[in-house]
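Here is the structure we will look at, set down as structure tokens.
The values are calculated or read from the model by the stated rules, or taken from the named source; none is laboratory data. Predicted, not measured: the structure shown is a model, and the values here were computed from it. Heads up, the Cβs are rebuilt from the backbone with ideal geometry, glycines too, and the neighbour counts pull from every protein chain shown.
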Amino acid sequence: MSSVTYAANDLPVPQSTLVELFFDAIDRHAGKVAFRRVRSETEIVDVSHEQTLQLVKRVVASLAARGIARGERVAILSENRPEWALADYGCLCAGVLDVPVYTTLTAPQVGYLLQDSGAKLVFASTPEQAEKALAAASERGLTLDVVSFDAPTDASKRLISWKDFLEEGKARADGWSDAEFRRSALSARPDDLATLLYTSGTTGEPKGVMLTHNNVASNVRACSSVFPIDDTDTTVSFLPLSHILQRMVDYVFFWVGCQIAYPRSVETLIADIKTVRPTVVASVPRIYEKIYNGVMEARGLKKILIGWAVRVADRVADLRLAGQQPGGALALQYGIADRLVFSKVKNAVGGRIRFFVSGGGPLSPTLNRFFYSIGLTILEGYGLTESSPVTNVNTFENLRIGTVGKPVPGTQIRIAADGEIFAHGPQVMKGYFNRPEATAECLSADGWLATGDIGVIDADGFLTITDRKKDLIKTSGGKYVAPQPIENRLKTHPLVEQVVMVGDRRRYCSLLVVPAFRAVEEWARSQGIAWSSREELVSNPKVVEYVESEVLGTLGDLASFERPKKIALLAHDLTVENGFLTPSLKVKRRVVQERLAAVIDRLYAEEAADTKQ
């Protein structure tokens, strides 16, 4: 393979299985809390490591009682909760491959995954999700059982409650000695498949990523060696466990003894974080963007105070990144800024955060620097489902904002001549389930994974992601534009909530912007502009002209072919629920292009008119 730059971390990572890590954690953390379920702002239900072991034994016994054999597949259609982890560890100890399914998927989408994976049973969180699984199976002509974590109200169908499911294996589990159970569970080998994880399918049918025990276990070991986490820590698990980032990180947390708390729902997340008061949290960039925007949307005297505090923090960040500490008047100013402004941000996330981990998409360097400057360090990393997922990550010892860090132990990174990133290491997948052609397209015979991302490696080995290869915009003039760096710059603009750059095969680039409505509405009122709905507001020519002028005015340093020429304002957020975001909160660009085609075409009406002349 021709390459122009290369970076590697050749520290060895022992081969192992997720089952070995499970039993190691059970033994080392006996007597401690493993999982926590938030019931209310005053009630949390704890599950100890001893209870975890007994419940996992029951899951294994019940799977066997239903004739589900080693190597067969079981789906998990559930939000994050202790039962998710218990079902997962039960499958791992039984040698059954679990297939996580996003709860936001429709019945036809769920049906495709069930049929493609050959799932024999579905664990579902609620009766509603269980009914969806039954409908999905029926549409595909599949016969399978569905276990509902929350007790179903209608037991006449093929619905089994979690309680009844566990009861089925009780006698068998009680009859196993600890030694017998461990001997059977530990028969798993490092190269055995552990799970099938389906990609989001934004560019075609989802593909099942085959990850072995050692793929994931090696990533757990590698990441635990660079993240300072131990059994004094607490976390909140809220990114979908169907996504490999939260799942792998939760394996890390469980192994090192960090208590894992599950919120009631996404809607109660902030309140539940204040209840749990975590010390370390994994998240995706969109969550950090929301926190930042919530701080910066202040008005009046509060805005002036925050502006002063941010400027002070920025000066302190310069010193700290250079290995120095502020002194004298600057230290005093920072202390005041922290007490009046930054402490409120920290308290909003529980008041005990030691650091965040960010993955699943590019994090704006400006935003990362802001959090660092106020004392909330974000360790940004990089990876894919196909790499279990982490290949690179920043650490406290090696931190460079704007990059995704150096390779984790056991990992090699190459940049090909066209800029594409290739990764090699024990975390790289075995391939796509029943897709040999798709596997061959991205995985070489010697184990190098083509990531589909474009990037550069600096002289010190830090990797910077430029963009997704397939997301590069090629203008009609033949110029290539990477949209993500430009979008990231604008995500911290006071008038921007969300932004997507468009312009492929067009004469120039444009922006689709979900505005920061509070700021835009305040400006509109000051101008005497009336509106009765957000749709009316964003279609007002004066409003569009104002946002366009303010936003595009910050991009004057870009090359002329990179610089967007027009903006269209959108009346509604891009969300998972309306189909514009993946469950990991990344924009589905193809969906944007298809569903907002009329909006985009209006941006190029003059171009179309010129073509006809």
Looking at region 212-235, I want the residues that are in the same structural domain as Ser388 (by TED's automatic domain parsing) and have a partner that is among the basic types (Lys, Arg) with Cβ atoms under 7 Å, at least 6 apart or on another chain. Which pairs are those? none
So which strands (runs of 3 or more DSSP E) stay within region 21-94 end to end and still have 2 or more residues that are surrounded by fewer than 15 Cβ atoms within 10 Å (Cβ to Cβ)? 44-48
Restricting attention to region 451-467, which residues are crowded, with 18+ Cβ neighbours inside 10 Å and of a type outside the set (Val, Ile, Thr)? Asp453, Gly455, Gly461, Phe462, Leu463, Asp467
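Report, by residue number, each residue of region 72-83 that is closer than 15 Å to Leu197 by Cα and either without any contact (Cβ under 8 Å) to a residue 60 or more places away in the chain or of a type outside the set (D, E, K, R) (or both).
Looking only at region 72-83, we keep the residues that are closer than 15 Å to Leu197 by Cα, and these are 72-78.
Answer for region 72-83, where residues must be closer than 15 Å to Leu197 by Cα and either without any contact (Cβ under 8 Å) to a residue 60 or more places away in the chain or of a type outside the set (D, E, K, R) (or both): Glu72, Val74, Ala75, Ile76, Leu77, Ser78.
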Hey, Thr106 hits all of (1) closer than 21 Å to Val576 by Cα; (2) surrounded by fewer than 24 Cβ atoms within 10 Å (Cβ to Cβ); (3) modelled with pLDDT of 95 or more but one; which does it fall short on? (3)
Within region 96-140, the count of residues that are within 23 Å of the chain's Cα centre (by Cα), part of a strand (DSSP E or B) and hydrophobic (A, V, I, L, M, F, W, C) comes to 5
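For region 270-278, check the following and say yes or no: at least one residue is over 17 Å from the mean Cα position of the chain (by Cα), on the phi > 0 side of the Ramachandran plot and not in a strand (DSSP E or B).
Taking region 270-278 and keeping what is over 17 Å from the mean Cα position of the chain (by Cα), we get 270-278.
The next check asks that each one be on the phi > 0 side of the Ramachandran plot; those that pass are 277.
From what is left, the residues that are not in a strand (DSSP E or B) are 277.
Yes, that holds for at least one residue.
Yes or no: region 571-581 includes at least one residue that is more than 21 Å from Val284 (Cβ to Cβ) and either touching a residue at least 12 places away in the same chain (Cβ under 8 Å) or not polar (S, T, N, Q) (or both). Steps first, answer last, please.
Kept after step one, since they are more than 21 Å from Val284 (Cβ to Cβ), are these residues of region 571-581: 571.
Remaining after also requiring either touching a residue at least 12 places away in the same chain (Cβ under 8 Å) or not polar (S, T, N, Q) (or both): 571.
Scanning region 571-581, I find at least one residue that is more than 21 Å from Val284 (Cβ to Cβ) and either touching a residue at least 12 places away in the same chain (Cβ under 8 Å) or not polar (S, T, N, Q) (or both), so the answer is yes.
Mind listing just one residue for me: the one in region 279-321 that is of a type outside the set (A, V, I, L, M, F, W, C) and within 17 Å of the chain's Cα centre (by Cα) and, of those, nearest to Ile374 (Cα to Cα)?
Narrowing region 279-321 to residues of a type outside the set (A, V, I, L, M, F, W, C): 279, 283, 285-286, 288-290, 292-294, 297, 299-300, 302-303, 307, 311, 314-315, 318, 320.
If we keep only those that are within 17 Å of the chain's Cα centre (by Cα) as well, we get 283, 285-286, 288-290.
Details: Ser283: 18, Pro285: 17, Arg286: 19, Tyr288: 13, Glu289: 15, Lys290: 16 Å.
Ranking the candidates gives Tyr288 first.
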Would you check if there is a residue in region 8-15 being touching a strand residue (DSSP E or B) at 6+ places or on another chain (Cβ under 9 Å), assigned to a loop (DSSP other than H, G, I, E, B), touching a residue at least 12 places away in the same chain (Cβ under 8 Å) and closer than 30 Å to Lys170 by Cβ? no
Subset of region 371-403, residues assigned to a helix (DSSP H, G or I) and either farther than 20 Å from Ser584 by Cβ or aromatic (Phe, Trp, Tyr) (or both), comes to Phe371, Tyr372, Ser373
Go through region 1-20 residue by residue and tally those that are surrounded by fewer than 13 Cβ atoms within 10 Å (Cβ to Cβ) and small (Gly, Ala, Ser). 1
Pair list, Cβ < 6 Å and 6+ apart or interchain, from region 161-185 residues that are over 26 Å from Glu131 (Cα atoms) and of a type in the set (Asp, Glu) to residues that are at pLDDT below 90 and assigned to a helix (DSSP H, G or I): none
Scan region 65-95 residue by residue and report those that are farther than 18 Å from Leu159 by Cα, among the small types (Gly, Ala, Ser) and over 25 Å from the mean Cα position of the chain (by Cα). Ala69, Gly71, Ala94, Gly95
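Given the structure, is Arg435 out of contact with any strand residue (DSSP E or B) (no Cβ under 7 Å at 6 or more places or on another chain), surrounded by 16 or more Cβ atoms within 10 Å (Cβ to Cβ), over 20 Å from Ser283 (Cα atoms) and not small (Gly, Ala, Ser)? Don't jump to the end; show me each part of the working.
Details: out of contact with any strand residue (DSSP E or B) (no Cβ under 7 Å at 6 or more places or on another chain): yes; surrounded by 16 or more Cβ atoms within 10 Å (Cβ to Cβ): yes; over 20 Å from Ser283 (Cα atoms): yes; not small (Gly, Ala, Ser): yes.
Judged against the criteria, Arg435 is a match.
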Go through (1) buried (at least 22 other Cβ atoms within 10 Å of the Cβ); (2) in a loop (DSSP other than H, G, I, E, B) for Asn368 and report which single condition fails. (2)
Report yes if Val316 is on the phi < 0 side of the Ramachandran plot and in a helix (DSSP H, G or I), otherwise no. yes
Scan region 170-225 for residues that are of a type outside the set (Val, Ile, Thr), closer than 14 Å to Ser388 by Cα, touching a Leu at 6+ places or on another chain (Cβ under 7 Å) and not in a strand (DSSP E or B) and report the count. 2
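Of these, Val38, Val47, Val96, which one is without any contact (Cβ under 8 Å) to a residue 40 or more places away in the chain and over 22 Å from Arg189 (Cα atoms)? Even if it seems obvious, please write down each step before you answer.
Values: Val38 fails: without any contact (Cβ under 8 Å) to a residue 40 or more places away in the chain; Val96 fails: over 22 Å from Arg189 (Cα atoms).
Testing whether each residue is without any contact (Cβ under 8 Å) to a residue 40 or more places away in the chain and over 22 Å from Arg189 (Cα atoms) leaves just Val47.
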Of the conditions (1) touching a helix residue (DSSP H, G or I) at 6+ places or on another chain (Cβ under 6 Å); (2) in a loop (DSSP other than H, G, I, E, B), Ala450 clears all except one; give me its number. (2)
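Yes/no per residue for (1) touching a Leu at 6+ places or on another chain (Cβ under 9 Å); (2) among the polar types (S, T, N, Q); (3) at pLDDT below 95:
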position: Ala329; (1), (2), (3): no, no, no
position: Tyr334; (1), (2), (3): no, no, no
position: Thr391; (1), (2), (3): yes, yes, no
position: Ile421; (1), (2), (3): yes, no, no
Glu267 is checked against (1) modelled with pLDDT of 95 or more; (2) out of contact with any Pro (no Cβ under 9 Å at 6 or more places or on another chain) and fails just one. What number does that condition carry? (1)
Looking only at region 193-203, decide whether some residue is at pLDDT 95 or above, surrounded by fewer than 16 Cβ atoms within 10 Å (Cβ to Cβ) and out of contact with any strand residue (DSSP E or B) (no Cβ under 9 Å at 6 or more places or on another chain). no
